[in-house]
1. Out of all the residues in segment 143-158, which are surrounded by fewer than 20 Cβ atoms within 10 Å (Cβ to Cβ) and part of a strand (DSSP E or B)?
2. Could we say that Ser46 is surrounded by fewer than 21 Cβ atoms within 10 Å (Cβ to Cβ), assigned to a strand (DSSP E or B) and touching a residue at least 40 places away in the same chain (Cβ under 8 Å) here?
3. Of all residues in segment 68-90, which are surrounded by 15 or more Cβ atoms within 10 Å (Cβ to Cβ) and outside any strand (DSSP E or B)?
4. On the given criteria, is Leu9 at pLDDT 80 or above and not in a loop (DSSP other than H, G, I, E, B)?
Amino acid sequence: MRRSVIAFLALCALIVMSFPLVSHAADYGGKIRKANYAWLGAGIFSPRADLDDLDLEDGYAINMAFGHYFTDRIVVELGSDVYQADGNSGGVSRGLLIVPMTVTAKYMIPTSLGEFYLGAGGGIYFVRLKQSTGGVTTREHDVVAGGHLVVGANFDVTDDVFLGVEGKWTLTDHAKLYGQRLNLSGGALTGHAGIRF
C-alpha cells in the first residue's frame, strides 16, 4: 500500500504541474470562464454494503476540491473528503472516520444557469474505526485504494462565484479492521460553494 500512496501523490503532483500549461479560460457560448476553481462543501454520508454490518447511522460529509478546466467540457479535480458515521449495537459503540484523497475527471454540460456534470475517479482512503465497550476504547487504522462516481450541478451566482450540489458513490478495496474485511462503500450528498480564479 505504501507504493500505492507514493504513486498517487506523484500523480497528483503531475496533474497540478500541468495546470499552468493549459492557461486558457473555458468559453461557454461566448461567456469566458476562468480556468481554475475551488470549492468547499458539506452534507450527509450514508454507509452501505459491508459497513451496514457495523450498524452505523448516517453521518456527515465534508469535502473540498481544486479543479482545472482543460477544455470547456473536460475538468480534472483534486479533492479530499471527511466522512464520519457512528453506531451502537450489542453494547459496542463504534465510530468510523474515512479521509479520502482523490482525483476526479468530470464531463461538464453547460447551461444558461451554470453547468451539470458527470465524473469518475479514484484515490487513497485513510480509515479509522473506533470501538468502545465496557469503558475501554480501542482504535484500528488502514489505508486502501478505491474509486467513485459523481453527478452534480453548479449554479452561477456571479461570474466568479457558484453554488452547487453533488452526489458521490464510493467503492473501495477491503480494509482490515478488528479481524473483519470491510469495503468502504457508501454514498454522500453534499452542497457546496466555490470560486473561480
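The values are calculated or read from the model by the stated rules, or taken from the named source; none is laboratory data. Everything numeric in this text was worked out from a predicted model, so none of it was measured. Neighbour counts are summed over all protein chains in view; Cβ atoms, including those assigned to glycine, are modelled from backbone coordinates with ideal geometry.
1. Val143, Ala145, Gly147, Leu149, Val151, Ala153, Phe155, Asp156
2. Against the criterion (surrounded by fewer than 21 Cβ atoms within 10 Å (Cβ to Cβ), assigned to a strand (DSSP E or B) and touching a residue at least 40 places away in the same chain (Cβ under 8 Å)), Ser46 qualifies.
3. Once the filter is applied, which keeps residues that are surrounded by 15 or more Cβ atoms within 10 Å (Cβ to Cβ) and outside any strand (DSSP E or B), segment 68-90 yields Phe70, Asp72, Arg73.
4. Judged against the criteria, Leu9 is not a match.
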